[in-house]
Amino acid sequence: MSDISAKLVKELRDKTSAGMMDCKKALVETGGDMTKATEWLRQKGIASAEKKSGRVAAEGAIGSYIHTGARVGVLLELNCETDFVARGDLFQGLLRDVAMQVAACPNVEYVNTDEIPEEVVQKEKNIEMGRDDLSGKPDEIKEKIVQGRIGKRLKELALMEQPFIRDSSLTVAELVKQVAGQIGENVKVRRFTRFTLGEGIEVESTDFASEVASISGG
């Protein structure tokens, strides 16, 4: 059932405090049944996680992940409300999973789309506006097409929008909400850094044959 009304979504949001997209997904999954949708959100831990999302999460931990072969490494800061929770298995497991996700997504540069600088957004817009397939289209139509493409592109840059590598039916944001609901605290991915071996190093290519020949000739 895909024709879920905005009124029904808002009603579920008011009832559970879950996000609009989570509420719509819950209603779609349950055929528009409000009771079942509420239960779906609670089972996923999303409703309780949303209610805690405004609380300060100043504790947590910094975790690392080194990919097989030691060519890619990630440092990631995950926050929660108490040091006790930060030491727990659920939190530490989430920390490892999200750090691994960053390693698996080389195009991801930001935690959320709202962190992407305006100059990056404008650059993407300029690229899309100049594409050949838009030439000759009315400006209003062109703008709508470009906005859709930019929205998709910005999601590709944001960690929380990525399908979770262990379960593609979940986004990373949904995974974090689920764990937050189980833990009973606000949980936030704050920042990350990815290291790729040799990145940024200019390797000078050497013509070994010529080098050997010159040595022999000398």
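Just a few scattered comments:
- Length-normalised contact order for the chain - Cα pairs under 8 Å, 6+ apart - percent: 24 percent
- The charge dipole of the chain, taken about its Cα centre with unit charges on the Cβ of Lys, Arg, Asp and Glu (plus for the first two, minus for the last two), comes to roughly 940 debye.
- A prolate overall shape is assigned to segment 103-180, the ratio a/c of its alpha-carbon gyration tensor axes (a ≥ b ≥ c) being 1.5 or greater and a/b exceeding b/c.
- Shown for Asp132, Asp22: other C-beta atoms within 10 Å of each C-beta, ranked fewest to most, produce the order Asp132, Asp22.
- Helix 34-44 axis versus longest C-alpha principal axis of the chain: approximately 40°, rounded to the nearest ten.
- Folded to 0 to 90 degrees: helix 118-129 orientation relative to the chain principal axis, Cα: 80 degrees
- Rounded to 10°, Cα long-axis angle of helix 139-157 versus longest principal axis of the chain: 80 degrees
- Across all directions, the shadow cast by the convex hull of the chain built on its C-alpha atoms averages 19.4 square nanometres.
- Comparing Gly148, Gly69, Gly32 in a Gaussian network model of the chain (Cα springs below 10 Å), the most mobile by mean-square fluctuation is Gly69.
- Residue range of the chain that is longest and free of GluC sites (Glu not before Pro) which are both DSSP loop and sparsely packed (at most 11 other C-beta within 10 Å): 1-198
- Listed residue (Asn107, Gln182, Ile201) projecting farthest to the positive dipole end of segment 64-218, Cβ model: Gln182
Computed from the coordinates by the stated procedures, all read-outs in this text should not be read as laboratory data. Owing to the predicted nature of the structure, the values given are computational and were not obtained by experimental measurement. Note: ideal-geometry Cβ built from the backbone for every residue, glycine included; neighbour counts use all protein chains shown.
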